[in-house]
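Below: the structure, in structure tokens.
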Amino acid sequence: MSVTAFAPETEARLALARQVADAVLFEGYVLYPYRASAAKNRLRWQFGVLVPPAWGAATEEHDFQHTECLMEPRADATLAVELRFLRARRRTVQRARPDGGFDTVPELRLADRILVPWDEGTEEHVEAVVRVDDLLGDGVTIPFGLPAAEDTEPVLDETGRPVGRMVRRYEETTGALRLSARELDGPYRVMRLTAVVENTSAWTPADGAAADRDAALPRSLVAAHLLMGLSAGSFLSMTDPPEWAKGAVAACRNLHTWPVLAGEPGRADVVLSSPIILEDHPAIAPESPGALYDATEIDEILALRTAALTDEEKREARGTDERAAAVIDLADSMPPEVLERLHGAVRSLREVTGSAPAPAADGFPDEFGVPRPDTPWWDPASDAGFDPGHDRVVVDGHSLGAGSRVLLRPGLRRTDAQDLFLAGRTARVEAVLHDVDGGVHLAVTVEDDPGADIRREQGRFLYFQPDEVTPLEGDA
């Protein structure tokens, strides 16, 4: 629903911030392997859930979000606010009977998908534009309501014959958005903006259903968050405020949400108040090919794993949700050059326009501003007394070195779990190594490993500590 439509210039300023807000809206919506039957997709809606007050009073979940941030509005400025959330729409699946009726079933199997009951998320938003001066004092309250409703969608098989239907049910959802501002004392015209989002539903759990979260979710605001933009003026960063504003920022109360600067980098006229803690000016990774409903750092592995699902698993995922089906189609159709683009990206390198400045003569600080001690914590010259190819170590009265044969008995306390498969195998010591902490390690190759020669040539060894091997007789 929309209380007041945004002007085109306001819509343009919020568009970039809305990309990140969409990620917040659908964070964890449906997780790999994108099937309703997956255990992690059975306990959903974890972020920004504002439940009916009666349910919140009986549990530790919340029925409101409270945002406070600082702004420096100019004269006659207006504040555009967009409350965004998901509304859980409960879907049941029914199979058609020969007599024209329908039976509710746990699944309906089609050639390309398997339909199952599922809670779908529909996007809702409340928009308002108010004069900043009108926020002073008691401020403004914007109530909103979404009525209960039900709709059906026929299900057709591959020949176009009706075989069932999906029934979707909406429950009534009501809430309120409360906005107010207070001018702070000081040399600058700074206001503390307060924005409260409340679930005002009168629904109460039925007797004996006090622990039934599923009944509360369709009446909740899910993944609720706010976008706020000033027509003239700027917000102050809550994460990195100017020195003069740190006290006022510390006095702000943010409950179940956190506001950050959003939108175009370098500007401060848009704020995103999110239930997920973000940094200022968050952005979607440019390499991300589409919504995978998880962090973009693992887009590559999600895409690869999704493409590797069996045909049966993909059928169930496609029947789980339209968004899950889109993920399957995305993974199946992703060209190699797009997948290659996901394979790592470096973002924090500084642009170099000339030669690096020479460090100070005493080493304090270096060219990157990092103080260095007079001597490094590890002195490379200390290596002169060690020779891995000729050094030896005494184990159980036997002197072991390169060429010695040992029986492997990996320790349970500090060994890689895969090394346990080598217990009882014989190996040949290739080198004795000393670390900077004074520890001794044996580099070995397993004797019956067909790739031992290649490992030896490449210097790729297995490493064990002296108490993880037993010398073999005759190899002292």
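The values are calculated or read from the model by the stated rules, or taken from the named source; none is laboratory data. All values reported here derive from a predicted model rather than from experimental measurement. Ideal geometry is used to build each Cβ from the backbone, glycine not excepted, and the neighbour counts take in all protein chains shown. Quick note on the areas: whole protein, heavy atoms, side chains included, nothing else; ligands and nucleic acids left out. Shrake-Rupley method; radii C 1.70, N 1.55, O 1.52, S 1.80 Å.
Things worth noting here:
- Near-label residues of segment 285-324 by backbone N, under 18 Å of a point 7 Å along Cα→Cβ of GLU337: 286-290
- Residues of segment 37-65 with amide N under 17 Å of the 7 Å Cα→Cβ point at ASP214: 37-46
- Projecting the Cα atoms of LEU136, ALA12, VAL105 onto the dipole axis of the chain, where Lys and Arg carry +1 and Asp and Glu carry -1 at the beta carbon, places VAL105 farthest toward the positive end.
- For segment 68-129 versus segment 455-472, the spacing of their alpha-carbon centroids is 58 Å.
- Acute angle (nearest 10 degrees) that the helix 322-333 long axis makes with the longest principal axis of the chain, alpha-carbon atoms: 40
- Magnitude of the charge dipole for the chain, about its Cα centre and with charges confined to Cβ atoms of Lys, Arg (+1) and Asp, Glu (-1), is about 1260 debye.
- Length gained on full extension, ALA326 to ASP76, computed as 0.36 nm times the residue gap minus the Cα-Cα distance: 85.5 nm.
- Simple spin-label estimate for GLU287 and ARG189 in nanometres, 7 Å along Cα-Cβ: 4.7
- Oblate is the label for segment 421-476, because the ratio a/c of its alpha-carbon gyration tensor axes (a ≥ b ≥ c) is 1.5 or higher and a/b is not greater than b/c.
- Cα shape, the chain, gyration tensor, a/c 1.5 rule: oblate
- For the listed peptides 50-57, 94-101, 267-274, a ranking on the average number of other beta carbons within 10 Å per residue, highest first, reads 267-274, 50-57, 94-101.
- Taking 0.36 nm per residue of separation and subtracting the current Cα-Cα distance, fully stretching the chain between THR122 and GLU312 would add 65.7 nm.
- For the chain, with +1 on Lys and Arg beta carbons and -1 on Asp and Glu, the positive-most of PHE47, HIS441, CYS69 along the dipole: PHE47
- Taking amide H positions as modeled 1.01 Å from N, with prolines and chain starts lacking one, the residues under 5 Å from ALA431 and 5 or more places away or on another chain are ALA443.
- Inter-site label distance for ASP112 and GLU473 at 7 Å from Cα along Cβ, in nm: 7.3
- Segment 317-342-segment 167-240 distance, computed between alpha-carbon centres (Å): 33
- Per-residue surface analysis assigns ILE277 an accessible area of about 140 Å², computed on protein heavy atoms at 1.4 Å probe radius.
- Nearest 10 degrees, 0 to 90: helix 311-320 Cα axis against the chain principal axis: 30
- Radius 11 Å from Cβ of ALA215, net charge of other residues (Lys, Arg +1; Asp, Glu -1): 0
- Toward the positive end of the charge dipole of the chain, with +1 on the Cβ of Lys and Arg and -1 on the Cβ of Asp and Glu, the farthest Cα among VAL406, TYR463, ALA303 is that of ALA303.
- Efficiency of FRET between THR104 and GLN458 - r from beta-carbon atoms, R0 35 angstrom, step 0.05: 0.05
- With K and R counted +1 and D and E -1, the other residues having a Cβ less than 10 Å from that of ALA331 yield a net charge of 0.
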